[in-house]
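The values are calculated or read from the model by the stated rules, or taken from the named source; none is laboratory data. The shown structure was predicted, so the numbers you read here are calculated from the model rather than taken from an experiment. When we count neighbours, we look across all protein chains shown, and the Cβ atoms used for this are built from the backbone with ideal geometry, even at glycine.
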Amino acid sequence: MVKKFLQILKFPDEEKGLSAELRAVLGNRLVVLILALSFVYYVIDRLINSNVTHFLFISISGSCILILVISGSGYFKLAKIIGLFLFNVILYNISASQDFSSGVHLHQITAAFIALILFGYEERAWGLAFTFFTFCLFAIAFFTKASLISYQRFNEYQTNVLFMMNITVFAAINLYLTYMILRPNHNVAQTLMFRNQELKKTNVE
C-alpha cells in the first residue's frame with residue numbers, strides 16, 4: 001500500500017517535457033501538500049483561537065484522500081476534475097465566510113493556475129473551463145458573501161497571522177508550480193542540445 005502510494009508521487013522521465021504522466025504526478029503531490037497544509041492551518045487555528053469550523057478541515061482532508069484513491073486507481077483525469085471541483089467549492093465557502101483582509105481569496109487564484117497546468121495545452125478546454133469557474137466563484141464570494149459556513153470574524157492579530165500564512169502559502173505553491181514548469185522544459189532543451197552535438201560529431205566523422 002505504501003509502495004503504491006509512493007509510486008504515484010514519483011516523477012517519470014522528464015525528457016518529453018510536462019507530459020500528461022508528469023502532470024498526474026504533480027497533481028498527486030499537490031494533493032499531499034494540501035493535506036499537510038490543512039493540518040498546519042488547523043494547528044495555527046488552535047494556537048490563535050480563530051475557531052474555524054472543524055467541518056472545513058475534515059472536508060479538505062476527506063477530499064484529499066478521495067482524490068488520491070481515485071488517482072491511485074489510474075483514473076487521473078477523473079481525479080483532476082473531481083479534485084478541482086471540490087477544492088474550488090471549498091475555497092469559495094472559505095473566501096465567502098471571511099473578510100478578504102485575511103488573504104484567503106489568493107488561493108482561488110492558485111486554483112485557476114493549477115487547473116491550467118494540470119490539464120495542459122492538450123486539454124486546454126478543461127483548464128479554461130475551470131479557470132472561468134474559479135473566477136465566477138471568486139466574484140460571487142466577493143459580492144455576496146453567501147457561504148455554507150457561518151461568517152468568521154477575526155481580531156486584528158488573528159487577521160495578520162492568517163494573512164501572513166495565506167500569502168506565504170500562495171507564494172510557495174505558485175513558485176513551486178513555476179519551477180515544475182521550467183524544470184522539464186530545461187531538461188528537454190538540454191537533451192536536444194546533447195543530441196544535436198552528437199549529430200554534429202557523427203556528421204564530421
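Is it the case, given these coordinates, that Phe163 is assigned to a helix (DSSP H, G or I), surrounded by 11 or more Cβ atoms within 10 Å (Cβ to Cβ) and without any contact (Cβ under 8 Å) to a residue 60 or more places away in the chain?
no
Quickly run through segment 11-37 and pick out the residues that are out of contact with any Phe, Trp or Tyr (no Cβ under 7 Å at 6 or more places or on another chain), assigned to a helix (DSSP H, G or I) and at pLDDT below 85.
Correct list: Ala20, Glu21, Arg23.
Checking Leu78 against (1) closer than 30 Å to Ser150 by Cβ; (2) modelled with pLDDT of 90 or more; (3) of a type outside the set (Phe, Trp, Tyr), only one condition comes out false. Which one?
Every condition holds for Leu78 apart from (1).
Of the residues Val40, Val104, Val52, which is part of a helix (DSSP H, G or I), out of contact with any Gly (no Cβ under 9 Å at 6 or more places or on another chain) and either at negative phi or among the aromatic types (Phe, Trp, Tyr) (or both)?
Val40 is the lone residue from the list that is part of a helix (DSSP H, G or I), out of contact with any Gly (no Cβ under 9 Å at 6 or more places or on another chain) and either at negative phi or among the aromatic types (Phe, Trp, Tyr) (or both).
When the residues of segment 95-111 are filtered to those that are among the hydrophobic types (A, V, I, L, M, F, W, C) and surrounded by 21 or more Cβ atoms within 10 Å (Cβ to Cβ), which remaining residue is nearest to the chain's Cα centre (by Cα)?
Ala111
How many of the residues making up segment 166-180 are surrounded by 14 or more Cβ atoms within 10 Å (Cβ to Cβ) and either at pLDDT below 85 or hydrophobic (A, V, I, L, M, F, W, C) (or both)?
5
Any idea how many residues of segment 122-159 are modelled with pLDDT under 95, surrounded by 14 or more Cβ atoms within 10 Å (Cβ to Cβ) and of a type in the set (S, T, N, Q)?
4
When you scan segment 139-154, how many residues do you find that are in contact with a helix residue (DSSP H, G or I) (Cβ under 9 Å, 6 or more places away or on another chain) and without any contact (Cβ under 8 Å) to a residue 60 or more places away in the chain?
9
For segment 186-201, indicate whether the set of residues that are modelled with pLDDT under 90, among the hydrophobic types (A, V, I, L, M, F, W, C) and under 26 Å from the mean Cα position of the chain (by Cα) is non-empty.
Yes, the conditions are met somewhere in segment 186-201.
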